[in-house]
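Heads up, the thing below is written out as structure tokens.
The values are calculated or read from the model by the stated rules, or taken from the named source; none is laboratory data. Note that the structure is a prediction, hence the values are computed from the model and not measured. Note that each Cβ is placed from the backbone with ideal geometry, even for glycine, and that neighbours are counted across all protein chains shown.
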Amino acid sequence: MNAIGFALNLTNRFAGSPLVSRLGLRKPAEKLAYTVTKQGFTALIKGQETLKNKRKNSSSSNPQKAESRSSLLFDLNLSDEQLMIRDNAERLAENLRTNAESAAKARQPSEQTWQESDELGMGYFVLPESFEGMEMAHASETWQLLTEELARGDMGQALALLSPVSAALCITRWGQPSLKKHWLDKLAESGRIQGTLAHQEPGTTQTQASLNCIAKAKSSGYRLNGTKTLVALSSTAEFFLVTAALSTKENGLFLIPRNSKGLTVSPTPAMGLHSADTGSLTLKNVDIPKDHQLNANSFCFQQWLSLSQIAASALACGTSQAVLDYTVPYCNEREAFGEPISHRQSVAFMIADIATELEGMRLLTTRAASRAERGDSCTREARLAHYLCCTKGMEIGTDGVQLLGGHGFIQEHPVERWYRDLRAIPLLAGSLII
């Protein structure tokens, strides 16, 4: 396992080195990194399957022990595959934090950041094996882990980088064959498709019964009318996956190409998430073919919304972890009245509350992701996780600003940005899925 990890790290570093660009070997280097990553993960997965079979055979002689193990709710131990993905995501998260200020000013991640994200291979994780992918489209726990890690670096850039992945996940899971053929071929070729999700509407938070965007069936397809807001990658997305209510009182997910007649995209800078390039969509008599609706026979809006609530919860956990990681050393180093302010009980208790609430947020999110990965109903668990992450995430952002005092209010320290980003968690259900 260590040899595989060393090879993966070596090839990823080589693919991202400036020397590769100067020699004009960027594409071959990225292909090499992808090939090594795929073979390494394939070896790990086969090794884990062999180990699971051995454990299964050994437990067959002890049915009582096997039954107690199968009844566990979820396993908090990470697999070797997840550990390597997290390690690579951790390096990208550090770059996101370093470039957070410049990305916020530019309203989008830099091209270098996009290249580093492509080198992580998230697009290939989504692809099924028939498209030379990793067949990880349903690995909800792994996607939760990766989403949280990137949000620890910067939530706005994480939302931007993960939006194309979420769009690819939707197409892989529920897309019509024609959609899969077109977009997954493109994803296999380039490692990324520039798509995003559009669910949030002006007004109250959307539920299954309250979408104002309407899709009316026609003989040749569908006609959509409505408005969406807080849409990531608004200025660069090639297509939008839009939620809309059908005349049958059911909700569906529709792929709207950017060049569709009647679609207007406008930037809408928000309080937070500056680097996510948020904007609004106005759909006025937008006509699309029938195959641009994600498969009505297999698509379940409530399942999609639950997966999205888990993703939003993971974003909250990652950014809250960033707040905790920053405030602890600050309070240990900042002195008042001749001693660190962390020696004051009010400060120490506030930090302890942040750490405690964060563990609860992460556990609920992990439980929901675990049920989703097993194919069990996770509606209740996803709602509980999202509710806790909305309320406690905003409290953690507020406490982070409070712990830094006057420094928490100025842009010299990143806590004010995390506070603004965490305020958006209630609005991000529908922006990503895992």
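Listed residues LEU150, LEU146; which is at pLDDT 95 or above and under 24 Å from GLY393 (Cβ atoms)?
Exactly one residue qualifies, and that residue is LEU150.
Residues of region 306-315 being farther than 10 Å from THR147 by Cβ and among the hydrophobic types (A, V, I, L, M, F, W, C), which ones?
LEU307
If you scan region 368-382, which residues turn out to be of a type in the set (D, E, K, R), over 17 Å from the mean Cα position of the chain (by Cα) and in a helix (DSSP H, G or I)?
ARG371, ARG374, ARG380, GLU381
Would you tally the residues in region 317-371 being closer than 21 Å to ARG152 by Cβ and either of a type in the set (A, V, I, L, M) or in contact with an Asp or Glu (Cβ under 9 Å, 6 or more places away or on another chain) (or both)?
28
Need at least 3 residues that are surrounded by fewer than 21 Cβ atoms within 10 Å (Cβ to Cβ) and either of a type outside the set (Val, Ile, Thr) or modelled with pLDDT of 90 or more (or both) per element, so show me which strands (runs of 3 or more DSSP E) inside region 185-236 make the cut, counting only ones lying wholly within it.
214-217, 221-231
Applying the selection to region 333-387, what residues are at pLDDT 90 or above, over 19 Å from LEU432 (Cα atoms) and of a type in the set (Phe, Trp, Tyr)?
Passing the criteria: only PHE349.
Within region 341-362, is even one residue loosely packed, with under 14 Cβ neighbours inside 10 Å and either outside any helix (DSSP H, G or I) or assigned by TED's automatic domain parsing to the domain that holds GLU149 (or both)?
Within region 341-362 (the criterion being loosely packed, with under 14 Cβ neighbours inside 10 Å and either outside any helix (DSSP H, G or I) or assigned by TED's automatic domain parsing to the domain that holds GLU149 (or both)), the answer is no, since none of the residues qualifies.
How many residues, within region 417-426, are in a helix (DSSP H, G or I) and either buried (at least 23 other Cβ atoms within 10 Å of the Cβ) or within 14 Å of the chain's Cα centre (by Cα) (or both)?
Selection size over region 417-426: 6.
Could you tell me whether LEU384 is farther than 30 Å from ARG173 by Cα and either assigned by TED's automatic domain parsing to the domain that holds GLU141 or not acidic (Asp, Glu) (or both)?
Spelling it out, it is not the case that LEU384 is farther than 30 Å from ARG173 by Cα and either assigned by TED's automatic domain parsing to the domain that holds GLU141 or not acidic (Asp, Glu) (or both).
Report the residue count in region 367-384 for those that are surrounded by fewer than 20 Cβ atoms within 10 Å (Cβ to Cβ) and farther than 18 Å from ALA429 by Cα.
Of the residues in that region, 4 qualify.
Right, LEU127: touching a Gly at 6+ places or on another chain (Cβ under 6 Å) and modelled with pLDDT of 90 or more or not?
no
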